[in-house]
Amino acid sequence: MSIAQDIKDVELATGGRYRIEWAGQEMPVLKQIRERFAKEKPLAGVRVSACLHVTTETANLMQTLQAGGADVVLTASNPLSTQDDVAASLVANNEIPVYAIKGEDNETYYRHIHAALDHRPHITMDDGADLVGTIHKDRREALDEIVGGTEETTTGVIRLRAMANDGALEFPVIAVNDSATKHLFDNRYGTGQSTLDGIIRATNILLAGRVVVVAGYGWCSRGIAMRAAGLGANVIVTEVNPLRGLEAVMDGYRVMPMAEAAKVGDIFVTATGDINVIDSQHFEVMKAGAIVCNSGHFNVEINLKGLAEMACGPPNLVRPFVEEYRLDGRSIYVLGEGRLINLAAAEGHPASVMDMSFANQALAAEYMINNVKSLDNHVHTIPADVDAEIARLKLSAMGVEIDSLTAQQEAYLNQWEEGT
């Protein structure tokens, strides 16, 4: 059987299969869902187009959706995040069409998104809302068959809520990112570890004793700051939200504007979801040898165009994923072309944390199919009981037990008469 595809090399499939299986050992919650899906087939006849990072963990999600009866197509959600051996394995061993090549240019990236939409999906599965955005701008004929979508990341949810507020969103989307078992764990522990992993792999520098500037203090940035401090870095946080700024201070970090942090930082990491968080005026005052990288979804958080205009010529690739921009008497180093450093230079989040995130994705697809008639064209969240069940399954897989309320305790929490 010939499978539609655009991947680097199908001969990489064997190595990819071994790595997918290795990741699967760390994903016991998704495994339990896959076993149930295989019996019940809740997604039978459902076409799913997924625009996600093509990693070993994503491959386990694709296998779970396929086990549930879904007809799945996968494309990359970032030009630098694809693991080519994983793409090859999904095509060769699971007969799942994949359109993704690590390092693909922008034109190829969007050609792949259109190829995924040629699948005529009933459900879209996004990490950054590029499928949804492309449908609404360029592929509106696809709206006739779509019943809903899911969204994996903070940046995508921001885009979707903006669409909903403008009345532009034409089908319901479940914000997987808003589930507690996603953002409290994936964003904080996953992004925290994988971002530092990407920085270290790209540069091989010692973080202890360095000044690390973390832009933002949302869940992703909290994790980055926590892990950098744990490795001995002196962490500075920049924020625009006074509550988050106050929280960062209470957590023990120095907080200041980026204009001040730019003068003293050794390493800069953005994770805000906004544009030009590090801008030309910040580059002007940075130390010689400053390292700049991004862990937000899109490569707009660092003003690379502004940096290029300041530089004395094009950047030099001094190491894989490390570009040197030469200014007057100084060099500034940008990692991973300003794209997600944890996926550009490393392997993304550990499988054990993606276990919960992708359990949310799988159950969100099932929930969408079962409840499509009751969902309006807004951004929705997975019900709290589903979130709690994922947490219960994860604890059970880890061999951890917790207490249960007694009948007396439950009754006490549901009454108002008793007091002091």
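Dividing the alpha-carbon Rg of the chain by 2.2 N^0.38 Å yields what? Dividing the Cα Rg of the chain by 2.2 N^0.38 Å gives 1.01. With θ taken as phi - 60° and the Karplus curve 6.51 cos²θ - 1.76 cosθ + 1.60 applied, the whole-hertz 3J(HN,Hα) list for the range 279-287 is 10, 4, 5, 6, 4, 4, 10, 5, 5 Hz, x standing for glycine and proline.
Can you work out the FRET efficiency for the pair LEU231 and GLU40, with r the C-beta to C-beta distance and R0 = 41 Å, to the nearest 0.05? After rounding to 0.05, the efficiency reads 0.35. Solvent-accessible surface of the chain, averaged per residue with a 1.4 angstrom probe and all protein chains in place: 44 square angstrom.
Centre-to-centre separation between the Cα atoms of the range 343-407 and those of the range 50-93: 19 Å.
Magnitude of the charge dipole for the chain, about its Cα centre and with charges confined to Cβ atoms of Lys, Arg (+1) and Asp, Glu (-1), is about 740 debye. Indicate the gyration tensor shape class of the range 199-291 (rounded, prolate or oblate), computed on the Cα atoms with a ≥ b ≥ c the square roots of the eigenvalues: a/c under 1.5 is rounded; otherwise a/b larger than b/c is prolate and the rest oblate. Because a/c hits 1.5 or more and a/b fails to exceed b/c, the range 199-291 counts as oblate.
Around the Cα centre of the range 255-409, unit charges on the Cβ atoms of Lys, Arg, Asp and Glu (plus for the first two, minus for the last two) sum to a dipole of about 360 debye.
Could you run the Debye sum over the Cα atoms of the range 299-383, one equal point scatterer each and no solvent, and tell me log10 of I(q)/I(0) at q = 0.10, 0.13, 0.23 Å⁻¹, two decimals? Each listed q corresponds, in turn, to -0.50, -0.65, -1.07.
Beta bridges assigned by DSSP with both partners in the chain are antiparallel in approximately 20 percent of cases.
Here the extension length gained between GLN409 and THR108 equals 102.5 nm, from 0.36 nm per residue of separation less the Cα-Cα distance. Coupling constants for the range 240-254 follow from the phi torsions by the Karplus curve (6.51 cos²θ - 1.76 cosθ + 1.60, θ = phi - 60°), and in residue order they are 10, 9, x, 5, 5, x, 5, 4, 4, 4, 5, 7, x, 9, 6 Hz; glycine and proline get x. Which lysines, on any chain, are close to LYS8 with Cα under 30 Å apart, when same-chain ones fewer than 8 places away are left out? Of all the lysines, those that pass the test against LYS8 - Cα under 30 Å, at least 8 places apart if same chain - are LYS31, LYS102, LYS137, LYS305.
Simple point charges give the picture: +1 on the Cβ of Lys and Arg, -1 on the Cβ of Asp and Glu, and for the range 20-90 a dipole about the Cα centre of about 360 debye. Placing CYS51, CYS220 in order of accessible area, with the largest value first and a 1.4 Å probe, yields CYS220, CYS51.
Annotation: peptides 400-413, 278-291, 146-159, ranked by per-residue average of other Cβ atoms within 10 Å with the highest first, follow the order 146-159, 278-291, 400-413.
Over the chain, with a Gaussian network built from C-alpha contacts below 10 Å, which listed residue (ILE96, ILE275, ILE382) shows the highest mean-square fluctuation? Result: ILE275 has the largest fluctuation of those listed. Once you've got the Cα coordinates, tell me which of LYS182/LYS373; LYS39/LYS373; LYS182/LYS394 are over 19 Å apart. In this structure, LYS182/LYS373; LYS39/LYS373 lie more than 19 Å apart at Cα. Atom-type composition of the exposed protein surface of the chain places 51 percent of the accessible area on carbon and sulfur (1.4 angstrom probe). Cα centroids of the range 189-243 and the range 319-334: 20 Å apart. Radius of gyration (Cα atoms) of the range 329-420, expressed as a multiple of 2.2 N^0.38 Å: 1.78. For the residues ALA115, ALA365, ALA38, a GNM of the chain with alpha-carbon springs under 10 Å puts the largest fluctuation on ALA38. Summarising the label geometry, the points placed 7 Å from Cα in the beta-carbon direction at GLN32 and ASN276 lie 4.9 nm from one another. In the chain, if the dipole is taken from +1 on Lys/Arg beta carbons and -1 on Asp/Glu beta carbons about the Cα centre, which of PRO121, MET356, ILE267 is farthest to the positive end? Looking along the dipole axis, the top candidate is ILE267. Any idea what the relative contact order of the chain is, in percent, if you count C-alpha pairs under 8 Å spaced at least 6 apart? Relative contact order here is 17 percent. Backbone geometry of the range 56-69 corresponds, through the Karplus equation with coefficients 6.51, -1.76 and 1.60 at θ = phi - 60°, to 3J(HN,Hα) couplings of 4, 5, 4, 4, 5, 5, 4, 5, 5, 4, 5, 4, x, x Hz, x marking Gly and Pro. For the chain, modelled as a GNM whose springs connect Cα atoms under 10 angstrom apart, the maximal fluctuation among TYR333, TYR217, TYR367 occurs at TYR367.
The values are calculated or read from the model by the stated rules, or taken from the named source; none is laboratory data. Everything numeric in this text was worked out from a predicted model, so none of it was measured. Glycine gets a Cβ as well: all are built from the backbone with ideal geometry, and neighbour counts include every protein chain shown. Ligands, DNA and RNA are stripped out before the accessible areas are found, and what is left, the full protein with its side chains, is counted by its heavy atoms. Shrake-Rupley method; radii C 1.70, N 1.55, O 1.52, S 1.80 Å.
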